[in-house]
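Notes follow the structure.
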Amino acid sequence: MTQSETPGGAEEKLTQTSGLAVAAIVLLVMLLGSVGADIAAKVGTRIVTQENWTDVLNAFLIALLVNSPALIFIGVLGDFAGLFSRTSEGEVFTRRNLKTLRSAGIGLVWAAATSAIVVPTVLSWVQESGRGILWEVNDLAFGTGAMGFVILGLTHVFAEGIRIKTDSDQII
Amino acid sequence: MPRDIIVTLDVMLARRKMKAKDLAAAIGITEANLSLIRSGKVKGVRFETLGKLCEALDCKPGDLLDFDVVTSPNP
């Protein structure tokens, strides 16, 4: 397969995406720390009060459930870090990057759905305050879901970019 | 019978008694890309590349390309 030359200036812009990769990793670590601290605080309280192991396990699972949108978001940040890192190395319009972008979009939609539906519903079941499906669509969940759909839409543009690049690579 | 563009670069290389490696170096493309052009396994050739080929081989584009019946290579 041939390698088309990068137009002047574009190469410099590509290397700048390595900064975005670093920023994504920093955010990922910060979010991971925040989630870890939250889970540790909730579980730690149960351990300190010396409750039995089932209560500790329940506290851990509930803390995990409450933090699940953030955990999904950590995965999305990981996707973006990988995407920006590969882009900085000149690997832009590839199937792998398309897959990563799609994964990030789906992740954001899942984070929104988890935050707005799954967490309130399961919490209501666990706390036995309800049996139905609860919707708590706030601005943040709505925005996150919308961004997810926007990214999923952009994957179609990206796929067209890959097709054009493949064609371009076959012209020498 | 289907007719298509045929690359006759090999013929011109033989006429000029030039090696593909030397031609690739002269026009500034990789041997792999030159091999793809020679075998016709490309969707197109840029005018810029065609011009460089003509200059290096001292010929015209018509000397490098033909339009004829394509014989499929043996599997």
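List the aspartates and glutamates whose Cα lies under 20 Å from the Cα of B:Lys21, skipping any in the same chain that are fewer than 8 positions away.
Straight-line reach from B:Lys21, under 20 Å: B:Asp10, B:Glu31, B:Glu48, B:Glu55, B:Asp58, B:Asp63.
Rounded to the nearest percent, how much of the accessible area of chain A (1.4 Å probe, protein heavy atoms only) is carbon and sulfur?
On the way: 6980 of 10470 Å².
Exposed carbon and sulfur together represent 67 percent of the surface.
For the protein assembly as shown, what is the accessible area per residue in Å² when the probe is 1.4 Å?
64
Quick one: divide the alpha-carbon radius of gyration of the stretch B:3-69 by 2.2 N^0.38 Å and tell me what you get. Can you show the working numbers first?
On the way: Rg = 10.9 Å, N = 67, 2.2 N^0.38 = 10.9 Å.
That works out to 1.01 for the stretch B:3-69.
Rounded to the nearest 500 deg cm²/dmol, what is the calculated helix-only ellipticity per residue at 222 nm for the protein assembly as shown, with -39500 (n - 2.57) per DSSP H run of length n ≥ 4? Let's see the in-between values first.
On the way: 11 runs with 172 residues, N = 247.
Roughly -23000 deg cm²/dmol at 222 nm, from the helical runs in the protein assembly as shown.
Binning at 10 angstrom from zero up to the longest distance, how are the C-alpha pair distances of chain A distributed in percent?
Spelled out per bin, shortest first, that is 10, 27, 29, 18, 11, 5, 1, 0.
Normalised radius of gyration for the stretch A:75-162, please: alpha carbon Rg relative to 2.2 N^0.38 Å, two decimal places. Walk me through the numbers before you get to the answer.
Values: Rg = 16.4 Å, N = 88, 2.2 N^0.38 = 12.1 Å.
Cα Rg divided by the expected 2.2 N^0.38 Å: 1.36.
Anything losing 30 Å² or more of accessible area from the isolated chain to the full protein assembly: pick those residues out of the stretch B:17-46, probe 1.4 Å, ligands and DNA/RNA ignored.
With the partner chains in place, the stretch B:17-46 has these residues losing at least 30 Å²: B:Asn33, B:Lys43, B:Gly44, B:Arg46.
What is the distance in Å between the Cα centroid of the stretch A:77-107 and that of the stretch A:124-157?
When both Cα centres are located, 23 Å separates them.
When only Cα pairs under 8 Å and 6 or more residues apart are kept, what is the percent relative contact order across the stretch B:3-69? Can you show the working numbers first?
Working: 58 pairs, mean separation 38.5, N = 67.
57 percent.
Considering the dipole of the protein assembly as shown built from charges on the beta carbon (Lys and Arg +1, Asp and Glu -1) around the Cα centre, which of A:Ala146, A:Gly90, A:Ile47 is farthest to its positive end?
Towards the positive end, the residue furthest out is A:Gly90.
Determine ³J(HN,Hα), in whole Hz, for all residues of the stretch A:149-160 in sequence, where each value follows from phi through the Karplus function 6.51 cos²θ - 1.76 cosθ + 1.60 and θ = phi - 60°; x replaces Gly and Pro.
These are the phi-based 3J(HN,Hα) values: 5, 4, 5, 4, x, 5, 4, 5, 5, 4, 4, 5 Hz.
Rounded to the nearest 20 Debye, what is the dipole magnitude of the stretch B:1-49 about its Cα centre when Lys and Arg each give +1 and Asp and Glu each give -1 at the C-beta? Provide the component values of the computation, followed by the final result.
Working: 10 positive and 5 negative charges, 24 e Å.
Around 120 debye, computed over the stretch B:1-49.
Give the residue list of trypsin sites (Lys or Arg not before Pro) in the stretch A:118-172 that are DSSP loop and have at most 14 other beta-carbon atoms within 10 angstrom. All intermediate terms of the calculation are to be shown ahead of the outcome.
Numbers: sites: A:Arg131, A:Arg163, A:Lys165; in loops: A:Arg131.
Those that pass, being in a loop and sparsely packed, are A:Arg131.
³J(HN,Hα) across the stretch A:54-67 via Karplus (A = 6.51, B = -1.76, C = 1.60, θ = phi - 60°), whole Hz, x for Gly/Pro?
Running phi through 6.51 cos²θ - 1.76 cosθ + 1.60 with θ = phi - 60° gives 5, 5, 5, 5, 4, 4, 5, 5, 5, 4, 5, 5, 4, 8 Hz.
Could you list which residues have their amide H under 5 Å from that of B:Ile6, counting only those 5 or more apart in sequence or on another chain, with H placed in the peptide plane?
Answer set, sorted by chain and number: B:Asp66, B:Phe67, B:Asp68.
Counting only protein heavy atoms and a 1.4 Å probe, tell me what percentage of the stretch B:3-69's accessible area is made up of carbon and sulfur. Mind dumping the intermediate values first?
Numbers: 2280 of 4410 Å².
After summing per-atom areas, the C and S share lands at 52 percent.
What list of ³J(HN,Hα) couplings, whole Hz, do you get for the stretch B:45-57 from phi and the Karplus terms 6.51, -1.76, 1.60, once you set θ to phi - 60° and write x for glycine and proline?
Values, residue by residue: 10, 5, 4, 4, 5, 4, x, 5, 4, 4, 5, 5, 9 Hz.
The values are calculated or read from the model by the stated rules, or taken from the named source; none is laboratory data. All values derive from a computational prediction rather than experimental measurement. Positions of Cβ are generated from backbone atoms using ideal geometry, with glycine treated the same way; all protein chains shown enter the neighbour counts. Surface accessibility is based on the protein's heavy atoms, side chains included, excluding ligands, DNA and RNA. Shrake-Rupley method; radii C 1.70, N 1.55, O 1.52, S 1.80 Å.
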